[in-house]
Structures are given as C-alpha cells and as structure tokens.
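See structure below.
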Ligand code: 5GP
C-alpha cells in the first residue's frame, strides 16, 4: 500500500498530538477537529480501506475499537457519550488511505450525517 501522512506520524517524522499508544494502535488528535474532542485511532499495520480487511484483521480491529473506548473512559466522556466513525472511499468521505477510527465527543452530535 502507498505511503500516507499517517505513516509519517507513526514514524514520528511529522508532529502529531499523540494521546494514546499501545503495541498495535496509535491515537492522535485530528488536525481539523469537528468536535471539542476529535481523535483518530490507527492500526500500526497500514491497511488502506475497510474493503481491504480480511478475517486475519479481526483481532486488530477489535483492539482499535477498544483503544477508543479505553480513551473515552480515561478522559471521562464515556457516560455522556461519543461517536465513532470509519469513512470508506469516496462516498464515505475518506481522504487518508490508512484505516482510521474517528472518535468525536464533547458536544451533542447531529444525526443523520449530511
Ligand atoms: P477521513 O476523511 O479520511 O476519514 O479522515 C482523515 C482525517 O485526517 C481528517 O479528519 C483530517 O483532518 C485528518 N488529517 C489529515 N492530515 C492530518 C495530519 O497531518 N495530522 C492530523 N493530526 N490529522 C490529519
């Protein structure tokens, strides 16, 4: 898969506000936040889109979601709640082709999305 800006963040070649890390997942604040809290969780293994997932990725994707829920509890907005989003390809609005889970929190979020 081709190089993305997130690969550079993973290698610490460009700065990011990193708020979470474990063996498999990195979490950092979105540079263009859409809510008071907007964090991107990425697998350290680069996978371009949700369409590229295979059964071998099941545990990794579970750890990605658990990283987000761990962060929500750690930061204390789990009770009020939050939204998690994966965008996929053009109609999903994906712009960076390294799978990432958006975590949005800190205000009432509208539904459905536009
Ligand atoms: P997508 O549209 O692919 O679902 O989300 C990509 C997200 O990455 C966008 O919300 C965008 O603001 C964020 N983003 C793009 N480039 C950078 C960057 O260099 N640093 C950080 N922290 N976020 C970025």
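Since every read-out is calculated from the coordinates, none of them should be taken as a lab result. Remember, it's a predicted structure, so these values are computed and weren't measured experimentally. Note: ideal-geometry Cβ built from the backbone for every residue, glycine included; neighbour counts use all protein chains shown.
Just to be sure before I move on: is residue 67 within 11 Å of the chain's Cα centre (by Cα) and surrounded by 15 or more Cβ atoms within 10 Å (Cβ to Cβ) in the structure I sent?
Judged against the criteria, residue 67 is a match.
Looking only at the range 12-43, which residues are out of contact with any helix residue (DSSP H, G or I) (no Cβ under 9 Å at 6 or more places or on another chain), part of a loop (DSSP other than H, G, I, E, B) and within 13 Å of the ligand (Cβ to nearest atom)?
Hits for the range 12-43 are 12, 17, 30, 31, 32, 33, 34, 35.
Can you tell me which residues in the range 73-114 are in contact with a helix residue (DSSP H, G or I) (Cβ under 7 Å, 6 or more places away or on another chain), part of a loop (DSSP other than H, G, I, E, B) and under 16 Å from residue 36 (Cα atoms)?
Of everything in the range 73-114, just one residue is in contact with a helix residue (DSSP H, G or I) (Cβ under 7 Å, 6 or more places away or on another chain), part of a loop (DSSP other than H, G, I, E, B) and under 16 Å from residue 36 (Cα atoms), namely 78.
Restricting to the range 75-85, and then to whatever is surrounded by fewer than 16 Cβ atoms within 10 Å (Cβ to Cβ) and touching a residue at least 24 places away in the same chain (Cβ under 8 Å), can you tell me which residue is nearest to residue 23 (Cα to Cα)?
Top of the filtered list is 83.
Looking only at the range 49-66, decide whether some residue is part of a loop (DSSP other than H, G, I, E, B) and within 11 Å of the ligand (Cβ to nearest atom).
Taking every residue of the range 49-66 in turn, at least one turns out to be part of a loop (DSSP other than H, G, I, E, B) and within 11 Å of the ligand (Cβ to nearest atom).
Do we find a residue being under 20 Å from residue 110 (Cβ atoms), within 16 Å of the ligand (Cβ to nearest atom) and under 14 Å from the mean Cα position of the chain (by Cα) anywhere in the range 71-83?
yes
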